[in-house]
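One structure below.
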Amino acid sequence: MSLPTRSTDGGAKSSDIVRINVLGTNIVVTNTLEASADLLDKRSLIYSNRPTHGLTMMRDLCGFDWAVAFAQPGKYWREQRKVYQREYHPQAIKRYRRTETQAAHTFLHNLLASPEDFFRHTRYVLGQVLIYSAYGVKTKNHDDPLIATVEHGVEAAVAAMSPGQFLVDILPIMKYIPAWFPGAEFQRKAKVWRKSVHKLLHVPFTLAKNLQDASELPDDCAAKSFLADVIPSSADPTYMEYVVRSALAGAYSAGTDTTVSVLQSFFLAMTLYPDVQKEAQREIDSVCRGRLPDFSDYDALPYVHAIVKEILRWNPAVPLNIVHASAQDDVYRGYCIPKGSLVVANIWAILHDPAVYADPESFCPSRFLRSDTNPTPEPDPDAAYGFGRRICAGQYLAHEMLWITIASVVAAFDIVKAKDEAGREIVPPGEYHYGFMQLPKPFRCEIRPRSVEHEKLVLGAVDL
Ligand code: HEM
């Protein structure tokens, strides 16, 4: 392994780009926005492939080969991106706002009933929105079998893609070893995970089809127009149905842990930074005057938008971008980047670059807002959603879901440090599980209604 790092005539900082050679594969890590955007945005025709090696366990053995995030650019990938473009662009997602608001209200109710379970509640509120907006299927509050099914599918896919875990990813020929063979534990795991991944793809879509057949599929879900018009009128309905089925399952798998990470980090940030919470409450109180926020307040609550952005910057859900691969030889700043090189944007480093973000470790939403004391706001953390043609297909939906949920919680609750038996405040260490995504480790905090009036507001708001 070599780590040649070079400052170039292009004026790059010495750690802009790091090249590593692992077993003959050239890996390029870009540590700044400039280098990442130069390659992945400006040269996206070259750098939009995904790796062809190292995913045997996930793709071949567990059957997660339909996921758009790992598809090569081509007809299938383009068709999937069209599904997202149609259903998740900024105008289209406005029809999911009712669902998002209702889910936020249920979330508030759950926080009131069992605040100590807030980690579990975050998963439910976001899963509920992702399922309904995609398939038009209403889920139960907690222990919903559909949510359990799709969650198992996502867990299986994430486990199967763990880098370096499975020898079969390095030696794909091993995929032919039978499950009974001594040491073929990976085959036995794959058999179980394959079933879960299969259900993630098929179960919710079949439910949506059943609703459509019974004329009960609601208009405010993505499956509706596809099942009613696009699939039946397409030249190849079987193929088109497969594309849509995969895209919607892909939305759940790509959208759940990422948004859950942000919402859980929000509770961490509020516990650690009470002044930020107070500032958000001041903004909401002055705009909403005793009611819960809704989407009519969307443009009037810039500080809440800034909180969502700051969480994405402070602890990005995807700290190392999904790997891109190059489709042809290229030269960048004097380096030769051969065809097939892997390019990983170091999202964490980009969003903690002290040259761009002052005091990057501290949580400071106002860095994004123009004011007399901050005439030049810092740039939005767009890198958190990736780059170029592979940029996150659900970024607008993610922002809206998080905005309404966070605004609702801040409006109704105080989130403060829990106390130990001796009455001392417990400062959460802010630890994360690091993997393909980073999710906060469970921590304690106290979540209580701001007043009796706020409690009544929450109790009166549950309308699901
Ligand atoms: C805060 C929440 C989210 C974050 C931080 C996030 C981040 C990302 C990142 C970093 C990528 C890789 C981009 C690249 O390769 O350059 C990605 C891809 C993707 N995301 Fe998201 N995401 C979020 C939520 C969502 C949601 C809610 C959906 C669906 C509704 C979604 C759908 C996708 C899809 C389909 C891809 C694959 C795109 C492709 O490979 O062409 N994401 N996301």
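The values are calculated or read from the model by the stated rules, or taken from the named source; none is laboratory data. Note that the structure is a prediction, hence the values are computed from the model and not measured. Cβ sites come from the backbone with ideal geometry, for glycine too, and all protein chains shown count toward neighbours. Please note that ligands, DNA and RNA were not included when accessible areas were found on the heavy atoms of the full protein model with its side chains. Shrake-Rupley method; radii C 1.70, N 1.55, O 1.52, S 1.80 Å.
Working only within region 403-445, note down all residues that are on the phi > 0 side of the Ramachandran plot and either aliphatic (A, V, I, L, M) or without any contact (Cβ under 8 Å) to a residue 12 or more places away in the chain (or both).
Scanning region 403-445 gives a single hit, G423.
Just need a number here: residues in region 365-388 that are outside any loop (DSSP other than H, G, I, E, B), away from the ligand (no atom under 16 Å from the Cβ) and more than 22 Å from Q277 (Cβ to Cβ).
Going through region 365-388 one residue at a time, the tally reaches 0.
What single numbered condition from (1) in contact with an Asp or Glu (Cβ under 8 Å, 6 or more places away or on another chain); (2) open to solvent by 20 Å² or more (accessible area, probe 1.4 Å) fails to hold for D353?
(1)
Here are the criteria: (1) under 21 Å from A306 (Cα atoms); (2) outside any loop (DSSP other than H, G, I, E, B); (3) more than 10 Å from the ligand (Cβ to nearest atom). Tell me which single one S362 does not satisfy.
Result: S362 passes all but (2).
Please enumerate the residues belonging to region 259-283 that are in a helix (DSSP H, G or I), out of contact with any helix residue (DSSP H, G or I) (no Cβ under 7 Å at 6 or more places or on another chain) and not charged (D, E, K, R).
Of the residues in region 259-283, the ones in a helix (DSSP H, G or I) are 259-272, 274-283.
Narrowing the set further to residues that are out of contact with any helix residue (DSSP H, G or I) (no Cβ under 7 Å at 6 or more places or on another chain) leaves 261, 268, 271-272, 274-275, 278, 282.
Within region 259-283, S261, L268, T271, L272, P274 meet the criteria.
Given (1) polar (S, T, N, Q); (2) in a helix (DSSP H, G or I); (3) touching a helix residue (DSSP H, G or I) at 6+ places or on another chain (Cβ under 7 Å), where does S286 come up short, assuming only one miss?
Only one criterion in (1) polar (S, T, N, Q); (2) in a helix (DSSP H, G or I); (3) touching a helix residue (DSSP H, G or I) at 6+ places or on another chain (Cβ under 7 Å) is unmet by S286, namely (3).
Can you tell me how many residues within region 87-135 are over 25 Å from F205 (Cβ atoms), among the small types (G, A, S) and either touching a strand residue (DSSP E or B) at 6+ places or on another chain (Cβ under 7 Å) or surrounded by fewer than 24 Cβ atoms within 10 Å (Cβ to Cβ) (or both)?
Residues flagged as over 25 Å from F205 (Cβ atoms), among the small types (G, A, S) and either touching a strand residue (DSSP E or B) at 6+ places or on another chain (Cβ under 7 Å) or surrounded by fewer than 24 Cβ atoms within 10 Å (Cβ to Cβ) (or both) within region 87-135 amount to 2.
Only one of I322, I347, I307, I311 is open to solvent by 20 Å² or more (accessible area, probe 1.4 Å) and closer than 26 Å to L268 by Cβ. Can you tell me which?
Criteria check complete, one pass: I322.
Could you check region 136-190 and list, in sequence order, the residues that are open to solvent by 60 Å² or more (accessible area, probe 1.4 Å), in contact (Cβ under 8 Å) with a residue 12 or more places away in the chain and among the acidic types (D, E)?
Hit for region 136-190 is E155, nothing else.
If you take the residues in region 205-250 that are not in a helix (DSSP H, G or I) and not hydrophobic (A, V, I, L, M, F, W, C), which one is nearest to the ligand (Cβ to nearest atom)?
D220
Where in region 10-115 are there helices (runs of 4 or more DSSP H), lying fully within it, with 3 or more residues that are among the polar types (S, T, N, Q)? Steps first, answer last, please.
Details: elements: 33-36, 75-87, 97-113.
Those helices (runs of 4 or more DSSP H) span 97-113.
Of the conditions (1) under 20 Å from L301 (Cβ atoms); (2) open to solvent by 10 Å² or more (accessible area, probe 1.4 Å); (3) of a type in the set (A, V, I, L, M, F, W, C); (4) under 24 Å from the mean Cα position of the chain (by Cα), M437 satisfies every one except a single condition; which number is it?
Among (1) under 20 Å from L301 (Cβ atoms); (2) open to solvent by 10 Å² or more (accessible area, probe 1.4 Å); (3) of a type in the set (A, V, I, L, M, F, W, C); (4) under 24 Å from the mean Cα position of the chain (by Cα), the lone unmet condition for M437 is (1).
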